[in-house]
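Asker: Take a look at this one; I'll ask things after.
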Amino acid sequence: GVSIPTGDLSENDPDLGFGGSSTGFNVNGLVGFNPALMPIGFRGEVNYSRFGLKDLPSGVDGNTSVLGGSVNAIINFPTGGTGGTGMSPYLIGGIGYAQLKGTLETSGFELSVKSSGFALNGGFGIRIPLSGFHTFAEARYHYVLTEDDEEDTPNIAFIPISFGITF
């Protein structure tokens, strides 16, 4: 899917002299459990988002990435389709842990900065059943508590919009 940086993650940093992160991509792996007769399910996830950096000087390449894991609760809203064959919306939210990594590279020299912290997420999605599997589309707000005054790193936030297949 696509990941959209927000807040401090997307803003220009006047101290560094270049822009913040630009829109990037995300990849997720998940394992879920949705009891058939209950509206609440659970999902464990590992997720990776990567963003390019805006307005870098000539000859400098850079990116920001977030690698994390979370445990989420899902509230399903049944739509009343016959035999459960209709699309079904849901809310999702949870807690986890994530690592932010910023990298700059020029002339074979690489500089990396890492910061980790607890993460919160929440959003909504829609599940679309097909023959033998489901597809889904969802959007969430992720907030990672990476603020460290000594390292001069802020908390970060981004919105991944994901499309996927579940079996």
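The values are calculated or read from the model by the stated rules, or taken from the named source; none is laboratory data. Everything numeric in this text was worked out from a predicted model, so none of it was measured. Because the Cβ atoms are built from the backbone with ideal geometry, glycine has one as well, and the counts that use them run over all protein chains shown. The protein model used for the area step is the full one, side chains on, heavy atoms only, and it has no ligands, DNA or RNA in it. Shrake-Rupley method; radii C 1.70, N 1.55, O 1.52, S 1.80 Å.
Asker: So which residues in region 102-140 are free of Cβ contacts under 8 Å to residues at least 24 places away in the same chain and in contact with a strand residue (DSSP E or B) (Cβ under 9 Å, 6 or more places away or on another chain)?
Answerer: 110, 111, 112, 114, 130, 139, listed by residue number.
Asker: Output yes when any residue across region 147-159 is assigned to a strand (DSSP E or B), open to solvent by 30 Å² or more (accessible area, probe 1.4 Å) and hydrophobic (A, V, I, L, M, F, W, C), and no when none is. Break it down into steps so the answer makes sense when it comes.
Answerer: Step one: of region 147-159, the residues assigned to a strand (DSSP E or B) are 148, 153, 156-159.
Applying the additional criterion that residues be open to solvent by 30 Å² or more (accessible area, probe 1.4 Å) yields 148, 159.
Within this subset, residues satisfying the condition of being hydrophobic (A, V, I, L, M, F, W, C) are 159.
Yes - at least one qualifying residue is present in region 147-159.
Asker: Scan (1) open to solvent by less than 60 Å² (accessible area, probe 1.4 Å); (2) modelled with pLDDT of 90 or more for the single condition residue 56 breaks and write down its number.
Answerer: Of everything listed in (1) open to solvent by less than 60 Å² (accessible area, probe 1.4 Å); (2) modelled with pLDDT of 90 or more, residue 56 misses just condition (2).
Asker: Here is a follow-up. Identify, by number, the condition in (1) touching an Asp or Glu at 6+ places or on another chain (Cβ under 7 Å); (2) loosely packed, with under 14 Cβ neighbours inside 10 Å; (3) modelled with pLDDT of 95 or more that residue 71 doesn't meet.
Answerer: (1) is the only condition that residue 71 fails.
Asker: Looking at residue 9, is it more than 22 Å from residue 140 (Cβ to Cβ), of a type in the set (A, V, I, L, M), surrounded by 13 or more Cβ atoms within 10 Å (Cβ to Cβ) and at pLDDT below 95?
Answerer: Criteria not met by residue 9.
Asker: Those residues that are surrounded by fewer than 15 Cβ atoms within 10 Å (Cβ to Cβ) and within 21 Å of residue 66 (Cβ to Cβ), I need them from region 118-136; list them, please.
Answerer: 118, 122 - these are the residues of region 118-136 that are surrounded by fewer than 15 Cβ atoms within 10 Å (Cβ to Cβ) and within 21 Å of residue 66 (Cβ to Cβ).
Asker: Something else: Tally time: how many residues in region 137-156 are at pLDDT below 95 and either small (Gly, Ala, Ser) or closer than 14 Å to residue 2 by Cα (or both)?
Answerer: The number of residues fulfilling the criteria is 0.
Asker: Is there any pair with a first residue in region 25-37 that is within 17 Å of residue 73 (Cβ to Cβ) and in contact (Cβ under 8 Å) with a residue 40 or more places away in the chain and a second that is surrounded by 14 or more Cβ atoms within 10 Å (Cβ to Cβ) and basic (Lys, Arg) whose Cβ atoms are under 8 Å apart and which are 6 or more apart or on different chains, and what are they?
Answerer: Matching pairs, first to second residue: 30/43; 32/43.
Asker: Looking at 79, 85, 64 in this structure, which one is buried (at least 16 other Cβ atoms within 10 Å of the Cβ), at pLDDT below 95 and over 12 Å from the mean Cα position of the chain (by Cα)? Working first, answer last.
Answerer: Numbers: 79 fails: buried (at least 16 other Cβ atoms within 10 Å of the Cβ); 85 fails: buried (at least 16 other Cβ atoms within 10 Å of the Cβ).
Step by step, each of 79, 85, 64 is checked, and only 64 is buried (at least 16 other Cβ atoms within 10 Å of the Cβ), at pLDDT below 95 and over 12 Å from the mean Cα position of the chain (by Cα).
Asker: Follow-up question, since we're still on this one. Would you point out the residue of region 113-129, among those that are among the aliphatic types (A, V, I, L, M) and at pLDDT 90 or above, that is farthest from residue 90 (Cα to Cα)? It would help to see each step written out before you state the result.
Answerer: Taking region 113-129 first, the residues among the aliphatic types (A, V, I, L, M) are 113, 119-120, 126, 128.
Of the ones still in play, those that are also at pLDDT 90 or above are 119-120, 126, 128.
Details: 119: 21, 120: 17, 126: 6, 128: 11 Å.
Filtering first and then ranking leaves 119.
Asker: I've got another one for you. Sort out which residues of region 137-146 are open to solvent by less than 70 Å² (accessible area, probe 1.4 Å) and of a type in the set (A, V, I, L, M, F, W, C), and write them in order of number.
Answerer: Listed by number, the residues that qualify are 137, 139, 144.
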